[in-house]
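Asker: Got a structure here, written out as structure tokens. Questions coming.
The values are calculated or read from the model by the stated rules, or taken from the named source; none is laboratory data. Quick caveat, the model's predicted, so the values are computed rather than measured. Methodologically, a virtual Cβ is constructed for each residue, glycine included, from the backbone with ideal geometry; neighbour enumeration extends over all protein chains shown. Just so you know, the surface numbers come from the protein's heavy atoms only, side chains and all, with ligands and any DNA or RNA stripped out. Shrake-Rupley method; radii C 1.70, N 1.55, O 1.52, S 1.80 Å.
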Amino acid sequence: MDARFDMFANEIAVKFAKRFANAGMVIHQSPLPRSTQELVSLRASQINGCGWCIDMHTKEAAAAGETAARLHLVAAWRESTVFSEAEQAALALAEEGTRLADAHEGVSDETWAAVRKHYDDDQIAALVALVALINAANRLAVIVHQRGGSYEPGMFAAALG
């Protein structure tokens, strides 16, 4: 299946993508650990079935030094021993914040308490913004059928130059 629409070839889409990327830079430059950012982005993308974003965040995480074992276990993070309590809290927030329609309460008080235990206010602001941003990115890519497989680390930043 080919992409339905080339978001990088349309003037309006490129303008939007640049502003979207600028919002992402706020998160990227925040005190939220880079590894946590990539793990959260990867988990939300797995839930949403976004091949483009799974490809991108897996490769960006690996390029930043993330281990293959941890990347392979993100989908089963509850059943693994390789994530810290802080990362588990962030992954739970990512799941609950992504599956809003599946949960009557959205993000549970238990998950929120775990996030508050492990992250300061600046990190929480970045984490909440990240969950919102990656879900929006997933929707953009899934709607236009932007397929995974061809991404190279740094490619998105270079395309928006």
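Asker: Taking the solvent-accessible surface of protein heavy atoms with a 1.4 Å probe, what is the per residue accessible area of segment 81-137 in Å²?
Answerer: Spelled out: the 1.4 Å probe surface of segment 81-137, per residue, equals 51 Å².
Asker: Which order do the peptides 42-50, 69-77 come out in when sorted by mean C-beta neighbours inside 10 angstrom, highest first?
Answerer: 42-50, 69-77
Asker: Please list the three semi-axes, largest first and in whole Å, of the ellipsoid equivalent to segment 11-141, using sqrt of 5 times the eigenvalues of its alpha carbon gyration tensor.
Answerer: For segment 11-141, the semi-axes come out at 22, 17, 15 Å.
Asker: Run lengths n ≥ 4 of DSSP H only: what is the helix-derived mean residue ellipticity at 222 nm for the chain, with -39500 (n - 2.57) per run over all residues, to the nearest 500?
Answerer: Helix contribution divided over all residues of the chain: -20500 deg cm²/dmol.
Asker: Report, in debye and to the nearest 20, how large the dipole of segment 1-98 comes out about its Cα centre when Lys and Arg carry +1 and Asp and Glu carry -1 on their Cβ.
Answerer: 260 debye
Asker: Once label points are set 7 Å from the Cα along Cα→Cβ at both residue 23 and residue 144, what is their separation, rounded to one decimal in nm?
Answerer: Calculated label separation equals 1.5 nm.
Asker: So how much slack lies between residue 3 and residue 128, counting 0.36 nm per residue of separation and subtracting their Cα-Cα distance, in nm?
Answerer: Once the chain is fully extended between residue 3 and residue 128, it gains 42.1 nm.
Asker: Which one of 151, 108, 7 is farthest out on the positive end of the charge dipole of the chain, using unit charges on Cβ (Lys, Arg +1; Asp, Glu -1) and the Cα centre as origin?
Answerer: 7
Asker: Considering the dipole of the chain built from charges on the beta carbon (Lys and Arg +1, Asp and Glu -1) around the Cα centre, which of 52, 119, 75 is farthest to its positive end?
Answerer: Positive-end residue among those listed: 52.
Asker: Between residue 69 and residue 105, what is the FRET efficiency for a Förster distance of 35 Å, r being their Cβ-Cβ separation, to the nearest 0.05?
Answerer: 0.60
Asker: Ignoring ligands, DNA and RNA, please state the percent of accessible area on the chain from carbon and sulfur, probe 1.4 Å.
Answerer: Using a 1.4 Å probe with all protein chains present, the chain comes out at 57 percent carbon and sulfur.
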